[in-house]
1. Could you say whether any residue in the range 88-103 is surrounded by 20 or more Cβ atoms within 10 Å (Cβ to Cβ), hydrophobic (A, V, I, L, M, F, W, C) and modelled with pLDDT of 95 or more?
2. Go through the range 48-76 and give me each residue that's within 10 Å of the ligand (Cβ to nearest atom) and either of a type outside the set (Val, Ile, Thr) or touching a helix residue (DSSP H, G or I) at 6+ places or on another chain (Cβ under 7 Å) (or both).
3. Go through the range 166-182 residue by residue and tally those that are surrounded by fewer than 18 Cβ atoms within 10 Å (Cβ to Cβ) and either at pLDDT 90 or above or within 16 Å of the ligand (Cβ to nearest atom) (or both).
4. Yes or no: the range 56-64 includes at least one residue that is aliphatic (A, V, I, L, M) and touching a Cys at 6+ places or on another chain (Cβ under 6 Å).
5. Name, by its number, the condition in (1) in a loop (DSSP other than H, G, I, E, B); (2) surrounded by 15 or more Cβ atoms within 10 Å (Cβ to Cβ) that does not hold for Tyr35.
6. If Leu74 satisfies every condition in (1) under 30 Å from Arg200 (Cα atoms); (2) buried (at least 16 other Cβ atoms within 10 Å of the Cβ); (3) hydrophobic (A, V, I, L, M, F, W, C) but one, which is the exception?
7. Scan the range 201-222 and give yes if some residue there is modelled with pLDDT under 90 and under 25 Å from Val33 (Cα atoms), otherwise no.
8. If a residue has to be over 14 Å from the mean Cα position of the chain (by Cα), part of a strand (DSSP E or B) and at pLDDT 90 or above to count, how many in the range 52-74 make the cut?
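The values are calculated or read from the model by the stated rules, or taken from the named source; none is laboratory data. Bear in mind the structure is a predicted one, so any value in this text is a computation, not a measurement. Cβ placement follows ideal geometry from the backbone for every residue including glycine, while neighbour counts extend to all protein chains displayed.
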Amino acid sequence: MARQNELLPVPYVHVVFTLPHQLSPLALQNKKVLYDLLFRASAETLQEVAQDPRHLGADIGFLSVLHTWGQNLLHHPHLHCVIPAGGLSPDGTHWIHPRYPFFLPVHVLSRVFRGKFVAGLKRRFQQRQLTFAGSLRPLAHEKAFRSFLRPLFRQEWVVYAKPPFGGPHHVLGYLARYTHRVAITNHRLMAFQHDQVTFRWKDYAHGNKKRIMTLGSQEFLRRFLLHILPRGFVCISFFGFLATRSHHFFPHSALLFPLLKMFHSHAYRRKILCHSCLATLDQERVP
Ligand SMILES: [Zn+2]
């Protein structure tokens with residue numbers, strides 16, 4: 001119990017993994033496979049880099065939430081990971097504090113993530129798990145698929161980290177905000193007139209400028225429907241010592257329970273900006 005109390009007040013970090021836009025068409029045709037790979041590759045990346053004694057040398061726990069949209073409702077798959085800043089020593093006896101201001105080096109995360117994701121894609125290709133339809137049909141040939149993957153290594157993949165923020169109360173704000181989202185919220189919708197939908201958005205590429213966009217209703221619906229997840233797909237996952245399966249073996253995962261309890265019982269009101277989708281939320285009371 002004393003250990004749990006020690007753990008609770010640690011700061012948290014927020015890391016966002018984003019898929020390069022070239023993968024968007026493939027992801028839309030293979031949502032389950034690619035979103036699942038996004039969860040796995042990012043989780044393995046975080047755990048592997050954290051376990052490296054050069055960076056942290058500890059076992060970490062975190063939760064990941066999938067968002068598939070950008071502010072303009074186009075396809076922009078990214079994963080928000082909320083991580084207690086630090087980890088357990090390999091022998092499980094003490095808490096190891098991070099040595100970098102941003103917890104783990106982002107450029108290392110980016111490279112490792114890229115390698116794991118592309119390797120995962122190759123594996124799934126070999127296992128014939130990928131579907132290629134329409135304009136992607138040529139990629140069904142191995143040589144073409146390899147050529148398609150090659151340029152992905154010539155660019156840096158976007159992994160973004162926010163500086164550590166306060167303890168569990170802040171995390172609850174994050175949880176409320178990221179787990180209860182759809183591609184657009186009512187308060188951003190301004191008008192539906194003459195078969196056109198007008199909504200507010202923030203232009204991340206241009207200094208978070210507030211803008212207004214009007215789309216034909218068909219195009220608006222097309223964009224909205226891009227974000228429907230496959231049936232049964234869960235958009236939040238827990239990893240490491242926050243994973244459900246470790247509860248029996250690792251009592252420290254009780255760290256999660258106060259979070260979830262408060263998440264379900266308290267009111268939170270805090271504006272937080274998502275780096276990728278740039279959504280802000282006035283958190284509502286959660287019953
Ligand atoms: Zn987001």
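1. no
2. Val65, Leu66, His67, Trp69, Gly70, Gln71, His76
3. Step one: list which residues in the range 166-182 are surrounded by fewer than 18 Cβ atoms within 10 Å (Cβ to Cβ), which gives 166-167, 169, 179-180, 182.
From what is left, the residues that are either at pLDDT 90 or above or within 16 Å of the ligand (Cβ to nearest atom) (or both) are 179-180, 182.
Of the residues in the range 166-182, 3 are surrounded by fewer than 18 Cβ atoms within 10 Å (Cβ to Cβ) and either at pLDDT 90 or above or within 16 Å of the ligand (Cβ to nearest atom) (or both).
4. Looking for residues that are aliphatic (A, V, I, L, M) and touching a Cys at 6+ places or on another chain (Cβ under 6 Å), one finds none in the range 56-64, hence no.
5. Condition not satisfied by Tyr35: (1).
6. Status for Leu74: all satisfied but (2).
7. no
8. Total satisfying the criteria: 1.
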